[in-house]
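Just below is one structure, and these are the notes that go with it.
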Amino acid sequence: MTVVVATADFEVYHDVVNELRDRGVRFTTIEPGDDLPEHARICIRGEGDDINPEADLPVVVADSEHPRKAVEEALAILRGESGRTIIGIDPGTRPGIAVLSGDFVISAFHVPLADAAEVVREEVEDAIDPVVRIGDGARLQGAHLIRELEDVLIELVDETGTTPYLGTGARGMGDVLAAVNIARLEGEVVEERDIEPTQGELGVIKRRSRERSEDNREIDEELARRVAAGELTIEEALAEHREE
């Protein structure tokens with residue numbers, strides 16, 4: 001595939017070209033209005049750029065704030081996909097997040113739970129018919145994400161067997177690869193998931209608070225429940241406990 005970048009906006013040019021290079025996509029650049037190369041299959045231009053009116057190929061308009069979305073749209077068109085965005089999440093204290101367009105992984109993240117919902121919201125913004133698929137393994141973290149993403153279509157997926165075997169040198173990739181597998185599985189549509197934490201789960205949260213505290217402090221059960229519900233991080237719960 002060959003992508004043509006035709007823009008006089010240096011910022012758009014710079015950002016789009018970097019996105020294409022990161023993906024290993026073959027591309028060429030021309031000045032707006034110049035003849036398009038014969039091998040061109042799609043053109044990415046800036047908002048204020050004109051291209052040769054005789055050009056008979058798809059055109060994607062990019063802006064400096066969302067260059068990645070323009071590149072993803074162009075690649076989806078080239079692959080002949082419907083353009084649906086599917087986000088798989090392997091929940092946990094640091095969820096793996098994979099963003100797919102069709103069968104192609106277009107981006108991946110491994111972030112703290114507190115940041116996960118915002119990452120997903122940014123990925124589904126302006127997306128066509130997006131769906132978020134969350135694995136059902138980590139109950140508390142999954143329930144927290146479902147509550148945080150109330151305006152997004154969410155499916156709960158049986159994540160049995162989605163975590164792959166990791167060979168030498170692949171440490172740390174498991175959550176993201178599991179998220180890719182979760183994204184490729186259909187699940188049950190859910191709107192809410194209220195879960196009462198077990199005593200064992202509360203005990204784990206208390207133990208983690210003690211491990212993270214410099215003075216071996218352990219939060220009480222009420223604060224542990226708020227952490228389980230996603231209302232507080234362990235650090236915030238520790239801060240409240242010190243003020244009591």
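Let's see how each residue does on (1) of a type in the set (Asp, Glu); (2) in a helix (DSSP H, G or I):
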position: ARG171; (1), (2): no, no
position: ASP175; (1), (2): yes, yes
position: LEU185; (1), (2): no, no
position: ILE205; (1), (2): no, yes
position: ARG210; (1), (2): no, yes
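Restricting attention to the range 191-222, the residues being touching a residue at least 12 places away in the same chain (Cβ under 8 Å), among the aliphatic types (A, V, I, L, M) and open to solvent by 30 Å² or more (accessible area, probe 1.4 Å) number 1. Taking the criterion of being under 18 Å from ALA143 (Cβ atoms) and exposed (fewer than 14 other Cβ atoms within 10 Å of the Cβ), the only residue of the range 223-244 that qualifies is GLU231. Condition check for LEU140 on (1) modelled with pLDDT of 90 or more; (2) open to solvent by less than 40 Å² (accessible area, probe 1.4 Å): one failure, at (1).
Would you mind listing the strands (runs of 3 or more DSSP E) fully within the range 49-114 where at least 2 residues are touching a Pro at 6+ places or on another chain (Cβ under 6 Å)?
Details: elements: 59-62, 84-90, 96-101, 104-110.
Qualifying strands (runs of 3 or more DSSP E): 84-90.
Yes or no: the range 178-186 includes at least one residue that is of a type outside the set (A, V, I, L, M, F, W, C) and at pLDDT below 90. No, the range 178-186 contains no residue that is of a type outside the set (A, V, I, L, M, F, W, C) and at pLDDT below 90.
Go through the residues of the range 64-76 one by one and say whether even a single one is farther than 22 Å from PRO130 by Cβ and either open to solvent by 70 Å² or more (accessible area, probe 1.4 Å) or not acidic (Asp, Glu) (or both).
Within the range 64-76, the first condition is being farther than 22 Å from PRO130 by Cβ, and the residues that meet it are 64.
Right, trim to either open to solvent by 70 Å² or more (accessible area, probe 1.4 Å) or not acidic (Asp, Glu) (or both) and you get 64.
Yes - at least one qualifying residue is present in the range 64-76.
Selection of the range 62-93 for residues being basic (Lys, Arg) and within 23 Å of GLU186 (Cα to Cα) yields ARG79, ARG84.
The values are calculated or read from the model by the stated rules, or taken from the named source; none is laboratory data. These numbers come from a predicted model, not from an experiment. With ideal geometry, Cβ positions are generated from the backbone for all residues, glycine too; neighbour counts draw on all protein chains shown. The accessibility values were calculated without ligands, DNA or RNA, using every heavy atom of the protein model including side chains. Shrake-Rupley method; radii C 1.70, N 1.55, O 1.52, S 1.80 Å.
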